[in-house]
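Asker: Provided herewith is a single structure, encoded as structure tokens, for subsequent inquiry.
The values are calculated or read from the model by the stated rules, or taken from the named source; none is laboratory data. Since the structure is predicted, the reported quantities are computational estimates derived from the model, not experimental observations. Here Cβ is always computed from backbone atoms with ideal geometry, including for glycine, and neighbour counts include all displayed protein chains. Note: accessible area is taken over every heavy atom of the protein model, side chains too, but ligands, DNA and RNA are not part of it. Shrake-Rupley method; radii C 1.70, N 1.55, O 1.52, S 1.80 Å.
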Amino acid sequence: MSTPPVLSVRVRKRLPGFELDVAFDAPRGITVLFGGSGAGKSLTLRTIAGLERPDDGRITVAGETVFDGAERRWVPPHRRPLGVVFQQPALFPHLTVGENVLFGVRIPKGERERRLQEVMTLLGLQGLERRPPRSLSGGQQQRVALARALVRRPPVLLLDEPFSALDEALRRTLREELLRITRELGLAVVFVTHSLREAHLLADSLVVLEGGRVLQAGAAATVFRRPKSARVARLLGWTNLWQGRVVRAAGSECVVAVGGRRLAVRTDGELPAEGSAVTVGIRSERVIVHRGEVAAPGPNQFEARLVELLRYGSTATLRLRPPENDLPIEVELGARALEVLRVGERTSWLVELPAEDLLLMPPGPQ
Amino acid sequence: MSFAEVDWAVFRISFQVAGVATVLCVLAGVPLAWAIARTRRVVVHALTAAALLPLVLPPTAVGYYLLQGLGRGSAVGRFLEDELGLRLVFTWPGMAIAAAVVSFPLFVRTAVAGFEQIEPELLEVASVLVGPWRRFFRVVIPMAWPSLTAAALLAFARSLGEFGATTIVGANIPGRTATLPGAIYQAVLAGDRALADTLAVLSLATGSVVLLALGVLFAQVRRRRW
């Protein structure tokens, strides 16, 4: 992470049947807390907001320690320099939109109106100040919730699946606006989601959680490209993961035996010892399929037969198997590529796994 | 029916008793109802049970305990009378306390229901934005407002009709502690059918007005889905 952290979190909390033990830093930009349900994402966010009290640890926000277990320091939620938005807009029904946005803001009376207009403009809500919240659409309501969180100009914004309850089109617009606002205001945003798409679009930093622990944290591009374990890879949507053994390791390349096959893997990281067990993986969109016209088969090319084709609209997933049945492969293709290759008309394909796209990970549970 | 015979002081006393009893219910009941709606602590459960006790006790028993507790026979009663000059037994303020105790369960139950209707998400958002006091007065109270008004009105109506507890504490002294229900009792004892009829009709009218107001309020609570 290039910039210094705006938010630093180290918390432990024991609950019946669950233990949260997480540590991560969030710099400016969007830090996505990613994981399945029950991973502890929301609980982590709630401890930062001050809605849950950790048993131990330390949380600092913009240089201020808001929780310290050892020093018994506890700053109540409303005094923390944070904005919070949940999945539901939770607007106060007895107040107008404008009153909701300015709720609890302590600034001189003359400045209130100016501040309100500023944030309403930022979120495209001009003219709705006097409306009751119930008269707004779901998307507008969530914008008001964002405005209410931003009007105090907090350095850190906490968002707990804020767009999950909205329809797809609205979700897209709001995600894009969040990107814009984050940059415009120079915010550090912690964004909880279980959606990979959302994580891909938004994350500058990525924290992968499972069972109350951080599995991996770092710059999003790095974590997506180089998950450090098969568990992380699986959570991040890697479907091609095979167990193998290193046959040869020299320079920046090694050869891994997977089933009866030998795969060349190029790596810029540490080379594993010869003879050691590894997991080899490749993202499904990195696999190349040829119509079988390649004259001289390379090291990582082999014949495979299409066993299943799943169309998702803009993309499609191809499930392929080599005749030896030792290396089941998933390939993701764009709709256009699917058409050009006339995938539906053909069962026999030549699959290529580019050596630089294959990743070695410690041998892991399948 | 004859209105000439009616001692209109009974209305003044009835409304004084019921009004002060309602205020007492609000002051003690709102914090307790909020605590009951919010916490799951054992102490609160015990308090809930204690607050509901008058619901299952005969009002005369409540009145008897208050007579014991507030009279000169008890330390509290002596302290109130000697140090503060506050005499509660055989006075209308004492009756207001009796009426408040009897109406308290109705108030608390209705208020708790009102508080429990507030979505927890709203309370969480509020606690991120403001401290607990402002949250209570600017979110909790306004949102529970129709229920709280209904609770107060119920307590008022119940206090207005209370006879057992108030009579034991106040002794039904004409012109001083005799309320509308007390006056009816007195008229029936004295065999004055005409007066009893008049007073009963007036009770009916008062009760109907209160019920009408309650009906409007509860309809508002139900409609208030925002």
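Asker: Go through the stretch A:103-135 residue by residue and tally those that are in a loop (DSSP other than H, G, I, E, B), within 14 Å of chain B (Cβ to nearest Cβ) and in contact (Cβ under 8 Å) with a residue 40 or more places away in the chain. Working first, answer last.
Answerer: First pass over the stretch A:103-135, keeping only residues in a loop (DSSP other than H, G, I, E, B): A:103-108, A:123-132.
The next check asks that each one be within 14 Å of chain B (Cβ to nearest Cβ); those that pass are A:103-107, A:131-132.
Then keep just the ones that are in contact (Cβ under 8 Å) with a residue 40 or more places away in the chain; that gives A:103, A:105.
Total meeting the criteria: 2.
For every residue, the table says whether it meets (1) modelled with pLDDT under 90; (2) among the charged types (D, E, K, R).
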residue	(1), (2)
B:Ala49	yes, no
B:Ala75	yes, no
B:Asp82	yes, yes
B:Val102	no, no
B:Val108	no, no
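Asker: Mind checking which residues of the stretch A:66-112 are surrounded by 17 or more Cβ atoms within 10 Å (Cβ to Cβ) and either of a type in the set (Lys, Arg) or touching a His at 6+ places or on another chain (Cβ under 6 Å) (or both)?
Answerer: If the condition is that a residue be surrounded by 17 or more Cβ atoms within 10 Å (Cβ to Cβ) and either of a type in the set (Lys, Arg) or touching a His at 6+ places or on another chain (Cβ under 6 Å) (or both), then A:Arg80 is the only one that fits.
Asker: Right, here's the next one. Suppose we filter A:Ala355, A:Ala337 for residues that are surrounded by 13 or more Cβ atoms within 10 Å (Cβ to Cβ), in contact (Cβ under 8 Å) with a residue 24 or more places away in the chain and out of contact with any Gly (no Cβ under 6 Å at 6 or more places or on another chain); which single one remains?
Answerer: Working: A:Ala337 fails: in contact (Cβ under 8 Å) with a residue 24 or more places away in the chain.
Result of the check over A:Ala355, A:Ala337: A:Ala355.
Asker: List pairs: first residue in the stretch B:71-98 and more than 20 Å from B:Ala9 (Cα to Cα), second residue assigned to a helix (DSSP H, G or I) and open to solvent by 80 Å² or more (accessible area, probe 1.4 Å) anywhere in the structure, Cβ distance under 7 angstrom, at least six positions apart or on different chains.
Answerer: Hits for this filter: B:Arg72/B:Arg78; B:Ser74/B:Gln68.
Asker: Just the residues that are within 7 Å of another protein chain (Cβ to nearest Cβ) and assigned to a loop (DSSP other than H, G, I, E, B), please, taken from the stretch A:77-90.
Answerer: Our first condition is that a residue be within 7 Å of another protein chain (Cβ to nearest Cβ); within the stretch A:77-90, this holds for A:77-78, A:84, A:86, A:88, A:90.
Within the stretch A:77-90, A:Phe86, A:Gln88, A:Ala90 qualify.
Asker: Quick check on the stretch B:188-198. Is at least one of its residues over 19 Å from B:Trp92 (Cα atoms), assigned to a helix (DSSP H, G or I) and of a type in the set (Ser, Thr, Tyr)? Can you show your working first?
Answerer: Of the stretch B:188-198, the ones over 19 Å from B:Trp92 (Cα atoms) are B:188-198.
From what is left, the residues that are assigned to a helix (DSSP H, G or I) are B:188-189, B:193-198.
Then drop every residue that is not of a type in the set (Ser, Thr, Tyr), which leaves B:198.
The answer is yes; a qualifying residue exists.
Asker: I need the full set of residues from the stretch B:12-46 which are within 14 Å of the chain's Cα centre (by Cα) and charged (D, E, K, R), in order please.
Answerer: Once the filter is applied, which keeps residues that are within 14 Å of the chain's Cα centre (by Cα) and charged (D, E, K, R), the stretch B:12-46 yields nothing.
Asker: Related question: Do we find a residue being closer than 15 Å to B:Pro93 by Cβ, at pLDDT 85 or above and surrounded by fewer than 19 Cβ atoms within 10 Å (Cβ to Cβ) anywhere in the stretch B:25-47? Break it down into steps so the answer makes sense when it comes.
Answerer: Kept after step one, since they are closer than 15 Å to B:Pro93 by Cβ, are these residues of the stretch B:25-47: B:25, B:27.
Now restrict to residues that are at pLDDT 85 or above: B:25, B:27.
Still in the list and also surrounded by fewer than 19 Cβ atoms within 10 Å (Cβ to Cβ): B:27.
The answer is yes; a qualifying residue exists.
Asker: Find the helices (runs of 4 or more DSSP H) located wholly in the stretch B:102-177 whose residues include 2 or more that are basic (Lys, Arg) and within 10 Å of another protein chain (Cβ to nearest Cβ), and list them. Steps first, answer last, please.
Answerer: Details: elements: B:120-129, B:132-135, B:141-161, B:164-170.
In the stretch B:102-177, the matching helices (runs of 4 or more DSSP H) lie at B:132-135.
Asker: Working carefully through the options B:Ala126, B:Ala150, B:Ala157, B:Ala144, find the one that is among the hydrophobic types (A, V, I, L, M, F, W, C), touching a helix residue (DSSP H, G or I) at 6+ places or on another chain (Cβ under 6 Å) and modelled with pLDDT of 95 or more. Break it down into steps so the answer makes sense when it comes.
Answerer: On the way: B:Ala150 fails: modelled with pLDDT of 95 or more; B:Ala157 fails: modelled with pLDDT of 95 or more; B:Ala144 fails: modelled with pLDDT of 95 or more.
From the options B:Ala126, B:Ala150, B:Ala157, B:Ala144, the qualifying one is B:Ala126.
Asker: May I pose another question? If you go through the stretch A:140-194 one residue at a time, how many are small (Gly, Ala, Ser) and closer than 21 Å to B:Ser127 by Cβ? Don't jump to the end; show me each part of the working.
Answerer: Step one: filter the stretch A:140-194 for residues small (Gly, Ala, Ser), giving A:145, A:147, A:149, A:164-165, A:169, A:186, A:188.
Narrowing the set further to residues that are closer than 21 Å to B:Ser127 by Cβ leaves A:145, A:147, A:149.
Residues flagged as small (Gly, Ala, Ser) and closer than 21 Å to B:Ser127 by Cβ within the stretch A:140-194 amount to 3.
Asker: Let me ask something additional. Please go through the stretch A:6-24 and pick out each residue that is touching a residue at least 60 places away in the same chain (Cβ under 8 Å) and either open to solvent by less than 30 Å² (accessible area, probe 1.4 Å) or within 25 Å of A:Thr222 (Cα to Cα) (or both). Talk me through it step by step, then tell me what you get.
Answerer: Quick first cut of the stretch A:6-24, residues touching a residue at least 60 places away in the same chain (Cβ under 8 Å) only: A:6-7, A:18-24.
Result: A:Val6, A:Leu7, A:Leu20, A:Asp21, A:Val22, A:Ala23, A:Phe24.
Asker: Please find, among A:Gly40, A:Gly57, A:Gly63, A:Gly29, the residue that is out of contact with any Ser or Thr (no Cβ under 9 Å at 6 or more places or on another chain), away from every other protein chain (no Cβ under 14 Å), open to solvent by less than 30 Å² (accessible area, probe 1.4 Å) and not basic (Lys, Arg). Don't jump to the end; show me each part of the working.
Answerer: Values: A:Gly57 fails: out of contact with any Ser or Thr (no Cβ under 9 Å at 6 or more places or on another chain); A:Gly63 fails: open to solvent by less than 30 Å² (accessible area, probe 1.4 Å); A:Gly29 fails: out of contact with any Ser or Thr (no Cβ under 9 Å at 6 or more places or on another chain).
It is A:Gly40.
Asker: Check every one of the strands (runs of 3 or more DSSP E) wholly within the stretch A:240-327 and list those with 2 or more residues that are at pLDDT 90 or above and touching a Lys or Arg at 6+ places or on another chain (Cβ under 8 Å).
Answerer: Numbers: elements: A:240-250, A:253-258, A:261-266, A:277-282, A:288-290, A:301-311, A:315-321.
Of the strands (runs of 3 or more DSSP E) lying wholly inside the stretch A:240-327, those with at least 2 residues that are at pLDDT 90 or above and touching a Lys or Arg at 6+ places or on another chain (Cβ under 8 Å) span A:240-250, A:253-258, A:277-282, A:301-311, A:315-321.
Asker: Do you know which residues across the stretch A:248-270 are charged (D, E, K, R) and in contact (Cβ under 8 Å) with a residue 24 or more places away in the chain?
Answerer: Keep residues of the stretch A:248-270 that are charged (D, E, K, R), which gives A:248, A:253, A:261-262, A:266, A:268, A:270.
Selection gives A:Arg248, A:Glu253, A:Arg261, A:Arg262, A:Arg266.
Asker: Let me ask something else. What are the residues in the stretch A:136-163 that are within 14 Å of another protein chain (Cβ to nearest Cβ), in contact with a strand residue (DSSP E or B) (Cβ under 8 Å, 6 or more places away or on another chain), of a type outside the set (Lys, Arg) and not in a helix (DSSP H, G or I), if any?
Answerer: Within the stretch A:136-163, A:Pro154, A:Val156, A:Leu157, A:Leu158, A:Leu159, A:Asp160, A:Glu161, A:Pro162 meet the criteria.
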